[in-house]
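The values are calculated or read from the model by the stated rules, or taken from the named source; none is laboratory data. Computed from a predicted model, the values in this text were never measured in an experiment. Neighbour counts run over all protein chains shown; Cβ positions are idealised from the backbone, glycine included. Ligands, DNA and RNA are excluded from the accessible area calculation, which covers all protein heavy atoms including side chains. Shrake-Rupley method; radii C 1.70, N 1.55, O 1.52, S 1.80 Å.
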Amino acid sequence: MGKTAAVISEVKNSGKSVFTYILANQIREMSTQDTKILVCCLNSKFSLLYKLLGINETSPGIEEFINLQEAGCENKSPTLADLIPKSNGIYFLGSYKTTNSYVDRNADGFSKLVDSLKKTFDLIIFDTVSSKENTLTNIVLEKSSMVINLFVQDAESVDKLNLVGDKGGHKRNEIYVMSKYRDIYPKVSDIKRRFSPDKLYKMDYCKTLQEMKNRDSLHLYLQRDTECNQSVRDISKYITQVFDIKTKNKKNKRMNYLKSIFEILT
């Protein structure tokens, strides 16, 4: 069974979609070629992820796959992986035009769909909705083996968080990410000292990222060597380790490269 991670936030404009995009691409880069990664957006509208991943909004989404299930077609050829759109090695399933009334009527169908997706993909990253009233998000939270909680660098927002890490004996892995992190109060060190969370990361604020987002060229940001990319890379490495995702063996690649050179010279 594949692993599932839900990216959540209790505040809007915390950068969930951008974080999800960078995270998925970094894990894709780290993992072996046969690793199947799916990004699933639950916001029921045209998400930024469509544009970043280069996916057409008319592509099949959650509603279409629930309907396929109801028709008894989910176990027939072609498979789920064949039907879900893919871009640069990452599969994407959106919820554009999926209404709340449809979701409420088909909550069991979506729950079943998540189970089917877990059998097909090695890792599913859910970009959730900042609302406790969202049916899709609530189902995902119940089924996710990891929750990545994004929050902004604001004292009021920090006070609303229940920063308990794994101390409550939860089976679910919970990590916290301070989004758009800058050298201002409250700092990561302040939060660690106050709450002692087990897993606390930061996503550094990056002027370049903001400028590229404004210029509609954010899809090129992954090529930049920035502190923001590096800070998310630390989270990506942690997730691959916790979920035991197969990663590329750089040592073996280097050995094979040196061996090929030796064979040429001899």
If you place +1 on the Cβ of every Lys and Arg and -1 on the Cβ of every Asp and Glu, how big does the dipole about the Cα centre of the chain come out, in debye to the nearest 20? 840 debye
Summing -39500 (n - 2.57) over every DSSP H run of at least 4 residues in the chain and dividing by its residue count gives a helix-only mean residue ellipticity at 222 nm, to the nearest 500 deg cm²/dmol, of -13000 deg cm²/dmol
The long-range amide H neighbours of K3, using H built 1.01 Å from N in the peptide plane and a cut-off of under 5 Å, are L123, I124
Extent of the stretch 1-100 along each principal axis, from alpha carbon coordinates, in Å, largest to smallest? 39, 36, 25
Kindly rank 233-245, 109-121 from highest to lowest mean number of other beta carbons found within 10 Å of each residue. 109-121, 233-245
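Between their Cα atoms, which of K160/K202; K118/K160; K36/K143 are more than 25 Å away from each other?
K118/K160
Measure off, as a whole percent, the carbon and sulfur share of the 1.4 Å-probe accessible area of the stretch 3-263, all protein chains present.
That fraction is 45 percent.
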What is the spread of the Cα atoms of the chain along each of their three principal axes, largest first, in whole Å? 61, 57, 43
